[in-house]
Structures are given as C-alpha cells and as structure tokens.
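Accompanying notes for the structure given below.
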Amino acid sequence: MRLHPLTSLAAAGSTAVITTAAASWPVSLTVIAAAVGLSFAQGAARRMLPAAAVILVPLVLSLLALHGLFFPEGTTVLAQWGPARVTAQGLQFALERAAQLSAAVLVLLLGSFTVSVPDLVAVLSTRGVNARFAFVLASTLTLLPAISSRLERIRQAQEARGLVIRPGIPGRVAAFRWQAVPLLLSLVEEAGTRAAALQARGFGSAGPITSYRQVLDSPVQRWARVVLLLAALAAIVFRLWQPTAGA
Amino acid sequence: MVQTPPPALAAGIEKFVFPGETEPVLAGISLTLVPGSLTAVLGGSGSGKSTLGRLLAGWLLPGDGGTLTGFFELAGTTVRFTGTAADPQIDPGRWGRQVGFVPQDPAGALSTVRVTVAEELAFGLENAGVDRASMAGAVRDTAALTGLAHLLDRDPATLSGGQLRRLAIGCAVIQRPAVLVMDEPFASLDTDGAEVLAALVRNLAQDGTAVVIMSQRAEPFLHTADTWLVLTGGTVAATGTPAEIVAAGALEMAGVIRPRPLTVARPRAGVDYQSAVNGPTALELRDVSFTYRRTRRRGWFKSQPGPPADPVLHGLSLTLDAGEILAVTGPNASGKSTLLRHLNGLLQPTAGSVLVQGRNIGGHPAGQVSRDVGLLFQQPRDQLFERTVEREVRFGLGRDGLAADQAVQRALAAVGLDHLAGRHPAELPASQQRLLALATVLARRPSVLALDEPTVSLDGPGLDRLDRVVRSTTADGNAVVLVTHDLDYARSIAHRLVCLEAGRLRGI
C-alpha cells in the first residue's frame with residue numbers, strides 16, 4: 001500500500017523529534033539502521049545516501065573537533081596539546097550527539113526522498129496551499145531532468161561543431177564552462193515563454209483550484225497521523241520535564 | 001431572412017509595435033472568425049504570422065508585450081486599444097478559456113509539472129476550479145478526440161513529436177474554446193501524422209470551433225479552408241478563398257511554399273544502396289546496428305522498470321561517394337535522426353562500423369569527427385546556443401582570427417544572413433534560425449554534410465537558399481546525406497533515395 005504523503009511526512013517528522021528528545025544511543029542507532037534499511041528497500045538509497053553524506057560529514061567532523069578537543073567536564077585525558085585536550089567523555093558526548101543528529105537527518109531525508117511529490121502537490125493544492133508554492137514543489141521533480149536534457153542538447157551541438165570532450169565525468173566537468181552561459185540563457189528564455197503558456201492556461205488566476213489526481217487516504221492513516229503528532233508532542237514535554245533523561 | 005452568426009472572434013489591428021521598436025510588426029489586419037470555420041493565415045518567414053497568432057490567443061498581451069491600436073471582439077464583448085496606458089488589460093487565463101493556442105513548439109504549451117498525460121490535460125481545468133467528476137469526463141472526451149486515450153498514464157516527457165502535438169492540441173481544446181489557433185501544426189509531421197491532424201481539425205470545426213492555422217506552406221489540407229489570409233511584412237497582402245488566392249498568384253509573392261507536384265527528377269539506382277555517382281567513397285556504413293541503453297536503475301536494490309530497449313537500427317550497410325546526394329526518407333520515429341547521429345560520432349553503433357574518408361570513426365570523440373562531418377540538427381533551437389548570429393557561426397572555428405572571420409563571412413553570405421550578424425539567434429524567425437544552423441555547419445567546410453529534416457520551417461526563399469547550398473557543396477566534391485519526410489523534396493534533389501522503416505533500409 002502506498003502511504004498518503006502527509007502520513008509519510010508525519011512519520012518522518014515525529015521520528016526525528018522523538019529520537020532527538022530521547023537522546024539515547026540505542027534509539028539513535030536503531031533509527032539510523034532502520035532509515036538506511038528502508039532507503040534500500042524503497043530504492044532511494046542511491047540518491048539519499050550521497051545527500052546525507054553531504055550534510056552529515058561536515059557536521060559530524062565539527063562536532064568531533066569541538067567536543068572532542070574542548071570538553072571542560074572531561075576527566076580522562078587521552079592526549080593534550082596546550083589548551084586542547086582529547087578526553088574520553090568529550091569523545092563520547094560528540095559521538096552521541098553525532099548519532100542523534102544523523103538519525104534525525106536520515107529519517108527526514110528518507111521522508112522527502114520517498115514521498116510521492118505529485119501526490120503531495122495534489123494534497124497541498126486541495127488544502128488551499130498557494131498554487132505558486134505547489135508549482136515550485138512540483139518543479140523539484142521535473143526541473144533537474146529538464147536541465148540535464150537541455151545541457152545534453154547544448155553539449156551535443158557543441159561537439160557537432162568541434163568541441164572535443166574527453167570521455168567520463170572529469171571530461172564533462174572540464175567542458176561545462178562552455179555550456180554554463182548558454183544553459184543559463186536558454187533557461188531564462190524558456191521561462192519567459194513558459195510563463196505565457198501557464199498564464200493562458202489559467203495558472204495564477206484568483207479563485208479556488210481543484211486537483212485531478214486522486215490521493216488515497218484511509219481512516220487508519222488519518223488516526224496514525226494524529227498519534228504520530230501526539231507522540232512527538234509527548235516526547236518534547238517528557239524531555240522538558242526531565243532535562244537529564246538519557247544524557 | 002438568414003442571419004449571419006456573430007463571430008467567435010473578430011480582430012481589427014491598426015498597428016502593433018513591439019516594445020523598444022518604432023516600426024509596427026503588424027498593421028492593417030482585419031479578421032473575422034465565424035464558428036465552425038477554418039481560416040489559414042499564410043506567409044513567409046518573418047511575415048508576422050506567429051505574432052498575430054500569439055496576440056489573438058492572449059499569449060502576447062497588449063501593454064507588456066507591445067503597443068496595440070485596434071480592437072478585439074470576443075464572445076460579444078469588444079475591447080478597444082488606443083496604445084495608451086489607459087487601455088484595458090486582458091486576463092490571459094479568462095481569454096485562454098475562449099481562445100486555445102498551440103505554439104509552433106508543442107512542448108512550449110505544457111505545464112511541465114504534471115507527471116501523466118491525463119493530469120497535463122486537466123491542468124487548465126484544475127486552475128479553473130472544475131470539479132473532479134467533470135474533469136474526468138472532459139479528459140476522457142478530449143483524449144478520444146485527439147487520439148490520446150491509450151497514452152493517458154504516460155509521462156508527457158516520453159512522448160514523440162506527433163504525440164506531443166496532439167497533447168498540446170488537447171490541452172488547448174479541453175475547455176471547449178470557441179477559437180483554436182495553431183502555429184505551423186503540420187511542420188515535421190509525416191503523411192500519416194498530417195492526416196490524423198487534418199481529421200482532428202475537421203472534427204473540431206464540425207463541433208463549431210473556429211480554427212485558425214498559421215503556416216508557411218499551402219498544405220493540401222489547407223485548400224479546404226474557408227478563407228486564406230496572406231501576410232507579407234506584417235500586413236495583409238491578399239485575402240479570399242483558396243481558389244481566388246491561387247488564381248491571383250499571391251502565394252509566390254508572399255514566399256509561401258506550394259508543395260511540389262510529384263515528379264521524378266532523376267533516374268534512381270537499384271536497391272543495393274551503392275553509390276550513383278562515381279567518386280571516391282566519402283562515407284561507408286558497415287552492418288550498423290544500434291540499441292538505446294535501458295533506462296538506468298534509479299535505486300541500488302529496487303530497480304525502476306524502463307521502456308523495453310528495442311533495436312533502433314538493424315544491420316545498415318551503405319556507401320556514399322564524394323559529390324553525391326543521398327536522401328533517406330521514412331515515417332516519423334523510424335530511426336532517421338538516430339542514423340544521422342552515427343555519422344558524426346554523437347552516437348556509437350552497438351555493432352558494425354562507420355567509416356568517414358575510409359577511416360573508422362569508432363571510439364573517436366564527436367568533436368574530432370565533426371571536422372569531416374557536419375550535422376544539421378532536426379530542431380534549429382537544439383543547435384543554437386550563442387548570444388549573436390556571428391558568435392554562433394564562429395564557435396569552434398579555432399584561434400586564427402582572420403581565417404575564422406573569413407569562414408564566418410562566407411558561411412553567412414551563403415545562407416543570406418550576413419546582414420544579421422549582430423542579432424540574437426532566438427529573435428530570428430524559424431526559417432532564418434534553420435539557415436543560421438546551416439551556416440554553423442557550412443563554416444567548418446565538412447566533406448560530408450548530414451542534414452536532418454532541412455526543409456522543415458523553411459519558407460520559399462529559404463528553400464531556394466538550401467537548394468543552392470546543397471548543390472554547390474556537392475559541386476565542390478562533398479557528399480550530402482539528408483533525412484526528410486518530404487518525399488517530393490527528396491526526389492527533386494537527391495541522386496539516390498532510400499527508405500528507413502523500423503530501422504531497416506530498403507530502396508525506393
């Protein structure tokens with residue numbers, strides 16, 4: 001069964017909140033393992049894991065550098081250079097925070113990479129979300145393929161006129177300087193003609209809009225969304241009540 | 001007493017001037033479109049057809065888009081424009097419900113944010129707030145009318161050119177506009193595609209839609225139109241029934257192409273696909289087969305099903321001598337463009353080999369092969385990417401400034417665009433864009449010229465230029481391969497004709 005887009009987003013959001021609030025090693029690692037496992041099962045790993053790496057690697061390294069080297073409460077000193085001391089407690093704290101953060105980031109990325117964007121746009125449109133916002137959201141799905149096919153066309157036109165491009169990704173990257181300006185100009189030009197087409201088809205008109213796409217929902221999913229949101233709220237309240245829980 | 005029905009749309013354009021220009025692009029045009037009528041607006045490249053079409057359809061708005069003096073009468077309401085700031089504003093959305101438009105490039109009409117044909121059709125209805133049940137009915141009816149019923153779940157990005165045009169027409173007519181304006185709808189359609197389109201237009205007219213077709217070719221179907229309006233230089237050169245216009249000889253004067261009668265200009269060779277001219281071999285294909293790769297898997301574990309990978313070319317063998325013109329014809333989607341892309345190395349055969357001047361080009365980058373083989377793309381806009389006409393032709397001509405200058409001059413003069421060197425390629429009319437693309441190929445003086453549908457979007461004078469270029473390049477000892485769906489043109493110019501059908505060659 002395909003999940004309603006709001007259900008998957010609610011699940012991702014509340015899992016991220018609960019994991020952050022729980023601040024516990026086992027919970028974080030379980031969520032990380034589950035998110036990675038689900039991404040493979042859903043076929044999203046290829047796109048999701050590189051994105052996660054781009055976000056998490058610098059964050060985790062900075063956490064390690066900050067807390068690993070400068071942790072005043074640390075007592076077990078492993079190494080020392082002047083004011084900077086590597087302490088066991090500092091490292092442990094940094095790793096715990098890194099796991100917590102990774103769990104939240106991975107689960108949110110999983111939600112956004114697996115949600116069906118057309119379904120989400122349809123749901124948002126019928127719930128009165130601004131049509132322009134829905135259009136931008138829908139563009140995330142079509143813009144990248146459109147840009148890459150335009151780039152491919154420009155590249156072929158240039159090759160047909162003698163631009164020698166070495167095979168492989170480095171060759172293409174090196175040749176990109178020839179394509180960047182034409183690509184940008186053609187996208188700007190296309191945006192102008194597209195705007196006329198969209199306006200003539202009533203896009204941006206005042207008044208209610210409807211959606212042709214049907215998104216299946218069920219009472220179970222509606223209840224699940226309420227429970228997920230309540231669970232997230234409960235986790236926050238619990239965390240505020242017991243500030244040292246799990247730390 | 002018989003009463004004439006009120007017009008679906010009437011327009012009186014005293015003059016229309018683009019922003020920043022002083023000369024009007026349209027002047028003295030008067031047009032009345034009755035329900036159920038078919039009107040053809042004919043004219044050469046740059047005659048103002050597309051501007052008139054976009055103005056009638058609300059794609060070009062008086063005010064931001066230019067200064068209009070004149071009036072429109074739509075659905076009984078007259079709006080007058082005096083070219084001042086006090087002029088009324090047209091609401092393109094409401095106008096679009098009454099007047100549908102299919103642009104020359106059908107992809108330009110799509111929203112690009114809908115993932116199925118059905119949703120793309122419904123986009124305009126969604127914006128008008130139509131309820132779901134009515135939308136479903138309208139989508140079903142429009143799909144049946146335009147022959148899209150079996151494609152409703154397809155992604156619009158995967159449609160062929162002909163299917164895309166029918167989708168654009170569907171999007172334009174789904175709200176049952178009183179008027180449908182189509183800009184060059186027959187360009188690049190093969191005979192079957194043109195017949196499907198003609199039947200569709202007849203159905204729409206029978207249902208009471210006033211249809212306007214802009215074209216630079218007096219297609220056979222357009223001879224059934226009620227009225228022809230011939231434009232030159234943005235103004236009406238002649239108007240009347242097709243018979244009256246033909247009798248007055250107004251088409252030739254306006255640069256409108258009249259499809260040639262079927263004539264066999266040259267003796268044709270047999271079916272061995274061997275050369276008809278005795279020169280050294282310029283190009284040879286040996287048993288070339290090609291299959292597009294399957295769609296890449298998107299995930300690491302779960303793969304997305306891609307379309308089945310059928311071979312596009314099956315064991316093609318062919319030789320072409322220096323000084324020879326070979327025409328390859330065939331229906332849309334038979335692999336003609338794919339074949340041409342093998343000649344300059346943009347595509348590499350999955351089996352077999354391509355030899356240019358006796359040298360196997362396998363493994364050589366297209367940039368190197370292009371020194372010998374010049375390829376004119378099917379769509380000029382795919383070939384043009386620079387900011388000026390002059391820069392466009394100069395791209396890739398090397399660092400020797402003087403030699404490059406001369407090559408640019410020579411190529412632009414050959415296609416008659418030397419007076420437009422400073423213009424932006426996107427501002428040129430379609431016929432001149434095609435000629436500019438041809439100039440970019442000629443400037444490199446290739447020994448083999450590969451032309452993909454070179455006649456599409458050329459007007460009468462443009463076609464003459466093409467003819468001269470092709471004949472002079474072969475007289476210089478170069479070879480020409482041209483792919484065209486226009487059998488008459490192929491017969492009039494080629495030494496040899498072959499037909500590519502479902503990826504296999506056969507003689508004609």
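Could you tell me how many of the residues in the stretch B:19-64 are assigned to a loop (DSSP other than H, G, I, E, B), without any contact (Cβ under 8 Å) to a residue 60 or more places away in the chain and more than 14 Å from chain A (Cβ to nearest Cβ)?
Residues that pass the stated criteria total 4.
Which residue is modelled with the highest pLDDT, if the candidates are limited to the stretch B:365-419 and must be crowded, with 18+ Cβ neighbours inside 10 Å, under 20 Å from residue A:184 (Cα atoms) and of a type in the set (S, T, N, Q)?
Across the stretch B:365-419, the extreme among qualifying residues is B:383.
When the stretch B:414-447 is examined, which residues are found to be over 24 Å from the mean Cα position of the chain (by Cα) and not basic (Lys, Arg)?
B:419, B:422, B:446, B:447
Among the residues of the stretch B:131-148, which ones are surrounded by fewer than 21 Cβ atoms within 10 Å (Cβ to Cβ), among the hydrophobic types (A, V, I, L, M, F, W, C) and facing chain A (nearest Cβ under 9 Å)?
B:136
Out of all the residues in the stretch B:371-395, which are under 20 Å from residue B:428 (Cβ atoms), more than 23 Å from the chain's Cα centre (by Cα) and within 12 Å of another protein chain (Cβ to nearest Cβ)?
Matches in the stretch B:371-395: B:391, B:394, B:395.
When residues of the stretch A:211-247 are filtered for being under 28 Å from the mean Cα position of the chain (by Cα), outside any helix (DSSP H, G or I) and at negative phi, how many remain?
Residues flagged as under 28 Å from the mean Cα position of the chain (by Cα), outside any helix (DSSP H, G or I) and at negative phi within the stretch A:211-247 amount to 9.
Assess whether residue A:229 counts as being in contact with a Gly (Cβ under 9 Å, 6 or more places away or on another chain) and at pLDDT 90 or above. Walk me through how you get there before you give the answer.
Details: in contact with a Gly (Cβ under 9 Å, 6 or more places away or on another chain): yes; at pLDDT 90 or above: yes.
Yes: the conditions hold for residue A:229.
Would you check which residues across the stretch B:165-210 are over 22 Å from residue B:127 (Cβ atoms) and in a strand (DSSP E or B) and list them?
B:183, B:210
Test each condition in (1) of a type in the set (Phe, Trp, Tyr); (2) away from chain A (no Cβ under 11 Å); (3) over 26 Å from residue B:378 (Cβ atoms) for residue B:186 and report the one that comes out false.
Going through (1) of a type in the set (Phe, Trp, Tyr); (2) away from chain A (no Cβ under 11 Å); (3) over 26 Å from residue B:378 (Cβ atoms) one by one, residue B:186 breaks only (3).
Would a scan of the stretch A:76-85 turn up a residue that is in a helix (DSSP H, G or I) and either surrounded by fewer than 18 Cβ atoms within 10 Å (Cβ to Cβ) or in contact (Cβ under 8 Å) with a residue 60 or more places away in the chain (or both)?
The first filter runs over the stretch A:76-85 and keeps only residues in a helix (DSSP H, G or I), leaving none.
Looking through the stretch A:76-85, none of the residues is in a helix (DSSP H, G or I) and either surrounded by fewer than 18 Cβ atoms within 10 Å (Cβ to Cβ) or in contact (Cβ under 8 Å) with a residue 60 or more places away in the chain (or both).
Could you please tell me which pairs satisfy a Cβ distance under 6 Å, a separation of 6+ or placement on different chains, a first residue in the stretch A:201-223 that is farther than 19 Å from residue B:119 by Cα, and a second residue that is surrounded by 11 or more Cβ atoms within 10 Å (Cβ to Cβ)?
That search, which allows pairs on different chains as well, returns A:207/B:129; A:217/A:4; A:221/A:4; A:221/A:7.
Hey, could you check the stretch A:125-157 for residues that are facing another protein chain (nearest Cβ under 7 Å) and modelled with pLDDT of 85 or more and say which is surrounded by the most Cβ atoms within 10 Å (Cβ to Cβ)?
Looking at the filtered set, the residue picked out is A:157.
Okay, residues lined up against (1) within 25 Å of residue A:136 (Cβ to Cβ); (2) in contact (Cβ under 8 Å) with a residue 24 or more places away in the chain:
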position: B:99; (1), (2): no, yes
position: B:126; (1), (2): yes, no
position: B:129; (1), (2): yes, no
position: B:135; (1), (2): yes, no
position: B:141; (1), (2): no, no
position: B:145; (1), (2): no, yes
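Considering the stretch A:129-141 alone, what residues qualify as being under 15 Å from residue B:126 (Cα atoms) and touching a residue at least 24 places away in the same chain (Cβ under 8 Å)?
A:131, A:132, A:135
Condition first: under 19 Å from residue B:54 (Cβ atoms), in a helix (DSSP H, G or I) and within 7 Å of another protein chain (Cβ to nearest Cβ). Now tell me which residues in the stretch B:99-130 satisfy that.
Once the filter is applied, which keeps residues that are under 19 Å from residue B:54 (Cβ atoms), in a helix (DSSP H, G or I) and within 7 Å of another protein chain (Cβ to nearest Cβ), the stretch B:99-130 yields B:108, B:109, B:124.
Taking the stretch B:347-366 only, how many residues are out of contact with any strand residue (DSSP E or B) (no Cβ under 8 Å at 6 or more places or on another chain) and free of Cβ contacts under 8 Å to residues at least 12 places away in the same chain?
Final tally of qualifying residues: 1.
Examine the stretch A:181-203 for a residue that is in contact with a helix residue (DSSP H, G or I) (Cβ under 7 Å, 6 or more places away or on another chain), over 30 Å from residue A:151 (Cβ atoms), surrounded by 15 or more Cβ atoms within 10 Å (Cβ to Cβ) and among the hydroxyl-bearing types (Ser, Thr, Tyr), and state whether such a residue exists.
Checking the stretch A:181-203: not a single residue is in contact with a helix residue (DSSP H, G or I) (Cβ under 7 Å, 6 or more places away or on another chain), over 30 Å from residue A:151 (Cβ atoms), surrounded by 15 or more Cβ atoms within 10 Å (Cβ to Cβ) and among the hydroxyl-bearing types (Ser, Thr, Tyr).
The values are calculated or read from the model by the stated rules, or taken from the named source; none is laboratory data. The structure presented is a predicted model; accordingly, all values stated were derived computationally and were not measured. Please note: Cβ atoms are built from the backbone with ideal geometry, for glycine as well, and neighbour counts cover all protein chains shown.
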